[in-house]
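Contents: one structure, followed by commentary.
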Amino acid sequence: MGADAIQTNGGDPAKLTVVEGIKRLRCAVKNYEWGKLGHDSLVARLHEANSGNRVDPAVPHAELWMGTHESGPSHVVKEEELGSGHGGSECMVTLKSWVSDNPDVLGSRAVDKWGCDLPFLFKLLSVTEALSIQAHPNRALAEKLHREEPLLYRDANHKPEIALAITPFQALCGFVSLKELREVIANVPEITELVGSKAADEIFTVNEKDGDESIKSVVRLIFTQLMSASNNETKRVISEMKMRLITETNHRELSEKEKLILELEKQYPGDVGVISAFFFNYVKLNPGEALYLDADEPHAYISGDCVECMAASDNVVRAGLTPKHRDVQTLCSMLTYKLGYPEILKGFPLTPYITRYLPPFDEFEVDHCDLPTGKSTIFPAIPGPSVYLVIEGTGKLQTGSSQLLVNRGDVLFVPAHNEIQVTGESDVIKLYRAGVSSRFFQTL
């Protein structure tokens, strides 16, 4: 039964009504090569439940997009036969078109700030091979890139984001500390072979007393020269590095980073992103932990399932571990070169069953709800829009005197000012909510 078709009204199952403004969404799927295949992909399983389309076991299913971005717009399902069990014939309009025609569902403060559109893009990812070494531009750079190359950079928005692990999740994120970087240069001779000893030696002469900008300048120099090395030279040096590491396994245990490097080399042979991975923090998230990334910070997701939320943008500047277009000079010039391990968010309890993740961005926050059968919890009303994704189980959502049944794969748009009560109907219902940051509404 559709999310805009309601089970009961005032407890009388014979009276079917419509929950005002709450809409069930059909969502776009992305079949990028790094996605998990067939039913191994959580994206595939939920998209099948969401759309009714059968999963091709030979096709990778990488991302499920929930939002209004033109590169993967969600559609609002309008059902002509409420309560028919199959929903009748469906007539769909884009979510963007619907919120443009009904701006009140966004709330006045969100409209004043971002116009008649969702300010965030919500995604589900199923990763089996590494994504590209990449960063997302700040707003000023995004405007410039979109103006100069609109086919590559599809919008003029910045793209801070958060990744919240559903399963164990691995990523590369941000530059390692100065101490670790010195160890990398000392222990990976192939880097010096590519960048030259003059540049590489500077990492040993600069220190904390010289200040952050001096340190960043040295890291920028070494990283840019590494990423700009010729393809032939890079392939030769990576082949040497691979053979050295394999040989060294005969007399020592490789580090986790070295093992990762060999795995990346299998996925992207001879790619400069393989050796550049030594520069980045190797982050392993447990389920329920989150990583947030501001604009201009390098990263690459490696494996696992996560929900991801970001400002509504699809701008990506890539420089390694990808067959797609690379913009090495833009990436190397845009990065902040901030060193050190990233902050890991564990969230805070909103209720006994809801955990909230609140990164330092206005556009979005993410809630995670695990609810046992028979238990209820409440998502407070907020002055902005929300998108809900059910990844497991069955439950009831109630707003006011109306309630609806939701199942795995359901994606719902909930307008501003709606308090939502969720009750578990199966052993457990697991769902995620993305919405405008509550911090935004607390500021004047």
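The values are calculated or read from the model by the stated rules, or taken from the named source; none is laboratory data. The structure presented is a predicted model; accordingly, all values stated were derived computationally and were not measured. Note: ideal-geometry Cβ built from the backbone for every residue, glycine included; neighbour counts use all protein chains shown. We work out accessible area using only protein heavy atoms, side chains counted, and drop any ligands, DNA or RNA first. Shrake-Rupley method; radii C 1.70, N 1.55, O 1.52, S 1.80 Å.
Comparing L178, V76, T128 along the charge dipole axis of the stretch 43-189, the residue lying farthest to the positive side is L178, per the Cβ-charge model.
Translational diffusion coefficient, Stokes-Einstein: compute it for the stretch 194-320 using the Kirkwood radius over C-alpha pairs as Rh, at 25 °C and 0.890 mPa s, and state it as an integer in µm² s⁻¹.
On the way: Rh = 17.0 Å.
D = 144 µm²/s.
For the pair R220 and H325, label points projected 7 Å from Cα toward Cβ lie 2.5 nm apart. Accessible area of L350 (1.4 Å probe, protein heavy atoms only, ligands and nucleic acids ignored): about 60 Å².
Taking the mean number of other Cβ atoms within 10 Å as a proxy for protection, how do you rank 161-170, 279-288, 176-185, 239-248 from highest to lowest? Let's see the in-between values first.
Values: 161-170: 21.1, 279-288: 17.9, 176-185: 16.2, 239-248: 14.2.
Peptide ranking by packing, descending: 161-170, 279-288, 176-185, 239-248.
With the simple model of a label 7 Å out from the Cα in the direction of the Cβ, D210 to T351 spans 5.5 nm. Of I203, P287, N250, whose Cα points farthest to the positive end of the dipole of the stretch 182-289 (charges on the beta-carbon: +1 Lys, Arg; -1 Asp, Glu; origin at the Cα centre)? So the residue we want is N250. Per residue, the chain exposes 42 Å² of solvent-accessible protein surface, assessed with a 1.4 angstrom probe and all protein chains in place. Report, to the nearest whole %, how much of the accessible area of the chain belongs to carbon and sulfur atoms, 1.4 Å probe, protein only. Its accessible area is 49 percent carbon and sulfur atoms.
Packing, as the average of other Cβ atoms within 10 Å across residues, places the peptides 104-117, 386-399 in the order 386-399, 104-117, highest first. Between I246 and R139, the simple label model (points 7 Å from Cα in the Cβ direction) yields a spacing of 5.1 nm.
Hey, got the dipole for the stretch 39-173? About the Cα centre, +1 on K and R Cβ, -1 on D and E Cβ, debye to the nearest 20?
That gives a dipole near 440 debye.
Along each principal axis, taking the top coordinate minus the bottom one, the Cα set of the chain gives 79, 48, 41 Å in descending order.
Considering helices alone, the calculated mean residue ellipticity of the chain at 222 nm is -8000 deg cm²/dmol, with DSSP H runs of length four and up weighted by -39500 (n - 2.57) and normalised per residue. Restricting the calculation to Cα atoms, every distinct pair contributes to the Kirkwood radius of the stretch 146-227, found to be 15.6 Å.
If you place +1 on the Cβ of every Lys and Arg and -1 on the Cβ of every Asp and Glu, how big does the dipole about the Cα centre of the stretch 33-78 come out, in debye to the nearest 20?
Numbers: 4 positive and 6 negative charges, 44 e Å.
The calculation lands at about 220 debye.
Place a point 7 Å from the Cα of S376 along the Cα-to-Cβ direction; which residues of the stretch 423-437 have their backbone N under 16 Å from it? Answer for this model: 423-426.
Simple point charges give the picture: +1 on the Cβ of Lys and Arg, -1 on the Cβ of Asp and Glu, and for the chain a dipole about the Cα centre of about 160 debye. The figure for H75 is an accessible area of roughly 60 square angstrom, using a 1.4 Å probe on the protein chains alone.
Is the shape of the stretch 212-282 best called rounded, prolate or oblate, per the rule: a/c under 1.5 gives rounded, else a/b larger than b/c gives prolate, else oblate, with a ≥ b ≥ c the square roots of the Cα gyration tensor eigenvalues?
Numbers: a/c = 2.31, a/b = 1.46, b/c = 1.58.
It is oblate, given that a/c is not under 1.5 and a/b is not larger than b/c.
If contacts are Cα pairs under 8 angstrom and at least 6 residues apart, what is the relative contact order of the chain in percent?
Relative contact order here is 21 percent.
The residue among A229, Y32, T94 whose Cα reaches farthest toward the positive pole of the charge dipole of the chain, with charges on the beta-carbon of Lys, Arg, Asp and Glu, is A229.
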